[in-house]
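Readers should treat all values here as calculations from the given coordinates under stated rules, not as data from a laboratory. These figures come from a predicted structure and were not determined experimentally. Note that each Cβ is placed from the backbone with ideal geometry, even for glycine, and that neighbours are counted across all protein chains shown.
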Amino acid sequence: MKANEIYLRPAQPTDARDLSAIHIAAIKALPATYYSQKELLAWRNYRDRPDDANLFKIIQADNFRVAVVDDVVTGFASYIADELIALYVHPKYQGRGIGRILVQHFCEQAMEQGIDRVMTTASLYAEGFYSRLGFSLIARASHYLSKGIIVPVSKMSKTL
């Protein structure tokens, strides 16, 4: 593998702490433009430090991929059939095509299953990113976070 080359692999239970850290860092890096600090805090489950216990359970799913650059886990995506459930890239690695590669992998996996349209629920921040990858806005919706906090999100789809 070449330096700075991005490759994907299935997530392993030992990745849980790194994935939790990426989730927290990505949300902490967002400005309070679309969401308040209170909403962003709820989005990261009120955590400032990684908590691998919850992610460990999710990693058992088959469709959970991590992006690796120079032996460092830099981002991750999880999906079920036609729906991209989560996509996060560590802020230090954003802008290098990691998110795009994770979304392309998800779309390829869906096509291999005979799926011709995929969906995701994007934060308002991520709407432009998904639009550049060919997703279209379906509707605005509400996303329910812990402690009764509700935030606006974008339901988006892409024809494959």
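One table, with the values for the structure above:
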item	result
Pairs of Lys in the chain closer than 26 Å at Cα, counting only those 8 or more apart or on different chains	12
Kirkwood-Stokes translational diffusion coefficient of the chain, alpha-carbon pairs, 4 °C, 1.567 mPa s, µm²/s	80
Environment charge at Asp116 (Cβ cut-off 15 Å; Lys +1, Arg +1, Asp -1, Glu -1)	-2
Cβ-based net charge around Ser154, under 10 Å, with every Lys or Arg adding one and every Asp or Glu removing one	+1
Cα pair distances exceeding 14 angstrom across the range 95-137, given as percent	51
Residue list for the range 119-143, given a label point 7 angstrom along the Cα-to-Cβ vector of Thr159 and an amide N cut-off under 13 Å	135-136
Protection proxy ranking of 108-115, 148-155, 71-78 - average other beta-carbon atoms within 10 Å, highest first	71-78, 148-155, 108-115
Radius 13 Å from Cβ of Ser142, net charge of other residues (Lys, Arg +1; Asp, Glu -1)	+1
